[in-house]
Amino acid sequence: MNTGTATTPEAVGDDQGAPQQSARRRRRALLWTAGSFLALAAGAAVVAAVWDWNWFRGPLASVASARLHRQVSITGNLRVHPWSWQPSATVDGVHVADPAWAPKTGTGNLADIDRMAVQIRLIPLFAGRLDLRLLEFDRPQARLYRDAQGRSTWDFSDGAKPDQPLRLPPIRKFVIDGGKLDYRDEKRKLTFTGTIDAKEQLGVRNRGFEMVGQGSLNAQPFHLQVTGGPLLNIDRDKPYPFDADIRAGATYVTAQGAVPKPFDLGQFYMNTTARGPDLSDLYGLTGVPLPNTPPYTLHGRLSRNVHLWRIDGLGGRVGSSDLTGALSVKTGGKRPFLTANLRSRSLSFPDLGALFGGGPKHGKIASPSQIAVARKLQAEQRIFPDATLNFDRIRSLDADVTYKAASITDAPIHLRSGSTHVKLDAGLLKADPVELDLPQGHIVGTAQLNGRKANAITDLDLRLSNARMESLLPLRFQGAPPVAGALVGRVKLHGTGDSVHDAMGDANGEMMVVVPGGEIRESLAELAGVNVIKGLGLLFSKDQTTTPIRCAVAHFKAEGGVMTADRLVIDTAPVLIEGGGTINLDTEEMNLRVQGHPKKFQLVRLLAPITLEGPLRSPKVKVEKGQAIAQGGVALALSAVLSPLAALLPFVDAGLAKDANCASLLAEGKAQGVPVKPAAQPGRTLTPPH
């Protein structure tokens, strides 16, 4: 007996037919989908064939105008090829207007482009990354302008983020055909007209980019040439190399460098050499106000990282002095900020003259203009240059600079080395400290130039300590120094003016020099008496005998540029010498007169005053002829100079009033009956010199 279930042919057929029906349904769905896609594609192709993309010129120009904060117009055809993994578009007649504040010249446009083509990769765009396969410009013309206030027509930030470097996305193929560039900068006194081309090859192998042209900089001929490799198949991870050659009058700059990330000009580096007559001339190229200098030849590695510009490995010569170190400039703020650490193995002191509007003495090195300044100062027997300093540039930069010279040569006095730390903040320049080392002794103090107002104000406060007369005054008389001994001093001046000469000609303040003890040739001391017989006898015998200098003080008060010697006294054993006079810092003339008073009776005497007159650069020493002065004026002279002495000495050093030698001068005056009164100490605290 069969208990299984019977299977009919119809049932078998139903089981096999279900999958076949499902497959037929899937095929029909695919056919419908493909047909729909083809229909849509065909419809899109038909639309694209008849669509006029010029309808989008207005909206596209409006979007560009909003982004650039400038009026943008499209006067030519707009053609788009969207149906590709690398869609492209071309547009003819693109015009970008100048901002409203720019002067209306020519077309009044910042840029005019005959034709622009662009092509991108679609897949990277889905990931949020723009990959430009092509960017091409036909006959673009750009007219760039910066006014005297520093506003630039190419600044599209609308004041929100100025000084932003140009950054473009990676471009596989970058082409410029027949580009022209006009540049005018009122602030930097620079004009330039040139051409820009970027193709597969420009005449020379491996050269595909070139910008070349000429113009003027500071009324001097200007030439610029920048070249680089072809801007084709650029690797975004491989630096793009370039060369630059710049000539502006006698200034010559060359560079070989690279852009680490092509089309991102926020970063680049280059090995640079520069030479010229004056570093301040580089302002037109760099926008950084540098000081006036003698002719220079320098080299270093210049790099940029967005707002930070650096020069590392700086080396070369400025005038007759060598210069090494590093500096950087931070931009993007209210004012550029310069930081520098500079050094010289050997500084030629005359090279500093150019910093203040003078000229170095080295004719073979100095520029013609600096030679003319130096010769003019020499012909007029003047020391202080009257060239007006450029305070507009000083106010446009902040700075923190340290400088050290291991040795100093050709100085008016024998200087061994020096250093300073200079800070510049919104037109206020302060050198603190200024330190100068002597073979024996030290000069330290501060110098300040306040250029924040219309009339610049200069303040100078320098102290001299632990110096020696025989070192500062390298005189020889009959084979030996005529004077020797310690020397201390201080000068404190305040003046107004836009040049060194004007500031000194307006100076107010005081200066004091003190010799707390030393020696002078006895023959010279006797002649200052004047004991003719004894003094001449010692001279003729070449006697080297010395007599002590108990104390010597020279105190000048400055008012309106005239320094008046209200205290001038030299006390020796045989003679007390006192005097007075003026030094005019405006006319740079001096008129000093000293008189010796013998301390004991002389049988033969000729008490004739000695004068020092003439230009500061070359005064003449004369003996004033006239009636002999009666003997016995020592008490009178002491009464005139001793009473206020204790009050004056603390201006230089608070301890000098108690110095044994100066105290002995006061004591001797009392012993001779001079009414010396104790002087009250001034109501101020002064730091003794180091």
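Key figures
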| item | result |
| --- | --- |
| Order by protection proxy (mean Cβ within 10 Å, highest first), peptides 185-193, 272-280, 127-135 | 272-280, 185-193, 127-135 |
| Nitroxide proxy distance, nm - points 7 Å out along Cα→Cβ at H442 and N341 | 2.3 nm |
| Separation of the A411 and W83 label points, Cα + 7 Å toward Cβ, nm | 8.5 nm |
| Residue order, fewest to most beta carbons within 10 Å, for I123, I520, I577 | I123, I577, I520 |
| Extent along principal axes [Cα atoms of region 71-235; Å; largest to smallest] | 53, 40, 30 |
| Cβ-defined net charge surrounding G300, 15 Å radius [Lys, Arg +1; Asp, Glu -1] | +4 |
| FRET efficiency, 1/(1 + (r/R0)^6) with R0 41 Å, evaluated for A127 and T324 via beta carbons | 0.25 |
| Farthest positive-ward along region 71-235 dipole, Cα basis, beta-carbon charges - from W101, G178, S157 | S157 |
| Burial ordering of R167, R550, fewest other beta-carbon atoms within 10 Å first | R167, R550 |
| Ranked S471, S396, criterion: other C-beta atoms within 10 Å, fewest first | S471, S396 |
| Neighbourhood charge, 10 Å Cβ-Cβ cut-off, centred on T90 and excluding it, Lys, Arg +1 and Asp, Glu -1 | -1 |
| Gain on full stretching of the segment that runs from A258 to D245 - 0.36 nm per residue minus C-alpha separation | 3.2 nm |
| Linear extension gain, A64 paired with N233, 0.36 nm per residue minus alpha-carbon span | 58.0 nm |
| Size of charge dipole - region 71-235 - debye, nearest 20, with Cβ of Lys, Arg +1 and Asp, Glu -1, no other charges | 240 debye |
| D147 paired with T582, simple spin-label distance in nm, labels 7 Å along Cα-to-beta-carbon | 5.0 nm |
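All of the numbers you see were taken from the coordinates with simple rules; none came from a lab. Every value quoted in this text rests on a predicted model; they were computed, and no experiment measured them. Note that each Cβ is placed from the backbone with ideal geometry, even for glycine, and that neighbours are counted across all protein chains shown.
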